[in-house]
1. Quick test of your reading of the structure: Met52 fulfils all but one of (1) of a type outside the set (Lys, Arg); (2) free of Cβ contacts under 8 Å to residues at least 40 places away in the same chain; (3) assigned to a loop (DSSP other than H, G, I, E, B). Name the failing condition by number.
2. Here are some conditions: (1) within 16 Å of the ligand (Cβ to nearest atom); (2) within 21 Å of Leu168 (Cβ to Cβ); (3) in contact with a helix residue (DSSP H, G or I) (Cβ under 9 Å, 6 or more places away or on another chain). Ile55 meets all but one. Which one does it not meet?
3. Does Tyr101 count as within 25 Å of Thr140 (Cα to Cα), buried (at least 16 other Cβ atoms within 10 Å of the Cβ), in contact with a Cys (Cβ under 6 Å, 6 or more places away or on another chain) and in contact (Cβ under 8 Å) with a residue 60 or more places away in the chain?
4. Out of Ser17, Ser6, which single residue is within 16 Å of the ligand (Cβ to nearest atom), more than 13 Å from Tyr166 (Cβ to Cβ), more than 16 Å from the chain's Cα centre (by Cα) and modelled with pLDDT under 90?
5. From Phe102, Phe146, Phe159, which residue is over 22 Å from Ile63 (Cβ atoms), within 14 Å of the ligand (Cβ to nearest atom) and in a strand (DSSP E or B)?
6. Given the criterion of a type in the set (Lys, Arg), closer than 21 Å to Thr304 by Cα and either within 16 Å of the ligand (Cβ to nearest atom) or surrounded by fewer than 21 Cβ atoms within 10 Å (Cβ to Cβ) (or both), identify the matching residue among Arg233, Arg221.
7. If you go through the stretch 205-221, how many residues are β-branched (Val, Ile, Thr) and not in a loop (DSSP other than H, G, I, E, B)?
8. Please work out if Pro224 is of a type outside the set (Ser, Thr, Tyr), within 29 Å of Asp10 (Cβ to Cβ), more than 20 Å from the chain's Cα centre (by Cα) and part of a loop (DSSP other than H, G, I, E, B).
Amino acid sequence: MGANESSEIDPNKRERSIPTLELAKKSASELCFARMSIRSYDESKSIDSTAMDAIQMFLKDPIKMTFPKEGSKAQRIELLCKDEAVKGKLGTYGIISGAKYFLVGITESEASSLEMGFVFERLVLLCTSLGLGTCWIGGTFNKSQFKANLTLNEHEQIFAVSPVGYPLDKEKLIGRAFASGHNKRKPFNQICFKGLNYDENNGFESPESVGPIGIALEAARWSPSAINSQPWRLFVQPNKDDSSKSSVHFFIVGPSDHYQINDCGIALSNFTYVTESFGDDKRGEIRILTGEDVPAIQGDPEKTKKLIYCASWVEL
Ligand SMILES: Cc1cc2nc3c(=O)[nH]c(=O)nc-3n(C[C@H](O)[C@H](O)[C@H](O)COP(=O)(O)O)c2cc1C
């Protein structure tokens with residue numbers, strides 16, 4: 001290293017490796033950090049029976065398929081395999097190569113974007129732990145080709161898909177080009193704020209400075225998002241009845257569309273995936289606050305007016 005080069009690690013960059021079975025041994029937060037979008041797959045490999053059983057068990061489990069809030073319905077996600085009676089191509093406009101399997105997220109209305117984001121991301125994390133690659137695809141796939149292989153009711157539409165399978169050793173150039181900047185995230189202090197004050201000087205400097213849930217916020221920061229836009233802003237507030245406990249309020253920076261709300265569901269999924277791994281030490285529940293209970297974010301009105309509330313995690 002030259003005299004002027006810094007040995008400091010940039011906390012906003014992560015060089016990640018393609019998933020392997022080694023990830024099954026990792027902690028919840030390490031798994032969230034290791035996940036990356038994979039666009040080149042080994043066409044010669046079928047998903048092995050252990051991994052396939054785990055995916056099928058997830059898809060059949062009504063608890064895993066449902067956003068953890070009273071009144072939520074199970075999401076619909078189908079697994080399509082190109083070797084089995086698939087009509088024509090399952091096209092992704094050349095973005096994905098070699099994929100034999102696709103997970104397909106189907107929604108009845110845009111109102112369930114947050115819930116689909118949450119559940120689909122849990123499946124993505126399961127696949128990552130099984131050494132399988134995934135890549136959320138919101139726009140660059142041929143909807144009619146996928147539709148031709150599914151039975152949808154008149155209200156249902158395909159929301160997003162993801163290839164799933166064993167990654168090629170090297171991501172091909174096309175994948176890299178599309179994914180430029182994917183190893184970077186906005187700084188922690190621009191994403192996670194103290195209390196309800198959305199001021200650029202009011203961000204937490206690091207996960208460590210938040211306390212035990214800091215690592216879960218860091219997992220949320222490393223979530224995937226459409227065009228890596230990272231629309232989420234997270235506000236950490238002490239609970240009114242017990243200030244030793246906290247709540248995290250999840251907002252997005254608008255203008256909102258259903259993919260940004262979906263992105264917020266993904267971040268909430270990663271966050272709670274880590275808090276759940278704390279067990280009884282940090283129990284919490286997801287609440288969607290309404291009316292006067294929606295946290296009133298303070299700060300420059302030009303900035304706060306763009307914030308849209310999505311959900312809260314409340315420590316119990
Ligand atoms: C809802 C959603 C839609 C996405 N759509 C596409 C897509 O159409 N094409 C693509 O190549 N990547 C797509 N991505 C992947 C993002 O580009 C990727 O998550 C982001 O760049 C961060 O990189 P990482 O996933 O490797 O951490 C999408 C991601 C999400 C969450």
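1. Here Met52 meets the rest and fails (3).
2. Going through the list (1) within 16 Å of the ligand (Cβ to nearest atom); (2) within 21 Å of Leu168 (Cβ to Cβ); (3) in contact with a helix residue (DSSP H, G or I) (Cβ under 9 Å, 6 or more places away or on another chain), Ile55 breaks only (1).
3. Working: within 25 Å of Thr140 (Cα to Cα): yes; buried (at least 16 other Cβ atoms within 10 Å of the Cβ): yes; in contact with a Cys (Cβ under 6 Å, 6 or more places away or on another chain): yes; in contact (Cβ under 8 Å) with a residue 60 or more places away in the chain: yes.
For Tyr101, the condition - within 25 Å of Thr140 (Cα to Cα), buried (at least 16 other Cβ atoms within 10 Å of the Cβ), in contact with a Cys (Cβ under 6 Å, 6 or more places away or on another chain) and in contact (Cβ under 8 Å) with a residue 60 or more places away in the chain - is met.
4. Details: Ser6 fails: within 16 Å of the ligand (Cβ to nearest atom).
Answer to the selection: Ser17.
5. Values: Phe146 fails: in a strand (DSSP E or B); Phe159 fails: over 22 Å from Ile63 (Cβ atoms).
Among Phe102, Phe146, Phe159, only Phe102 is over 22 Å from Ile63 (Cβ atoms), within 14 Å of the ligand (Cβ to nearest atom) and in a strand (DSSP E or B).
6. Working: Arg233 fails: either within 16 Å of the ligand (Cβ to nearest atom) or surrounded by fewer than 21 Cβ atoms within 10 Å (Cβ to Cβ) (or both).
None of the others qualify; the one that does is Arg221.
7. Residues of the stretch 205-221 that are β-branched (Val, Ile, Thr), as a first pass: 210, 213, 215.
Cutting the leftovers down to not in a loop (DSSP other than H, G, I, E, B) gives us 215.
Total satisfying the criteria: 1.
8. Values: of a type outside the set (Ser, Thr, Tyr): yes; within 29 Å of Asp10 (Cβ to Cβ): yes; more than 20 Å from the chain's Cα centre (by Cα): no; part of a loop (DSSP other than H, G, I, E, B): yes.
Considered against the rule, which asks whether it is of a type outside the set (Ser, Thr, Tyr), within 29 Å of Asp10 (Cβ to Cβ), more than 20 Å from the chain's Cα centre (by Cα) and part of a loop (DSSP other than H, G, I, E, B), Pro224 comes out as no.
The values are calculated or read from the model by the stated rules, or taken from the named source; none is laboratory data. As the structure is a prediction and not an experimental result, all values here were calculated from the model. Neighbour counts are summed over all protein chains in view; Cβ atoms, including those assigned to glycine, are modelled from backbone coordinates with ideal geometry.
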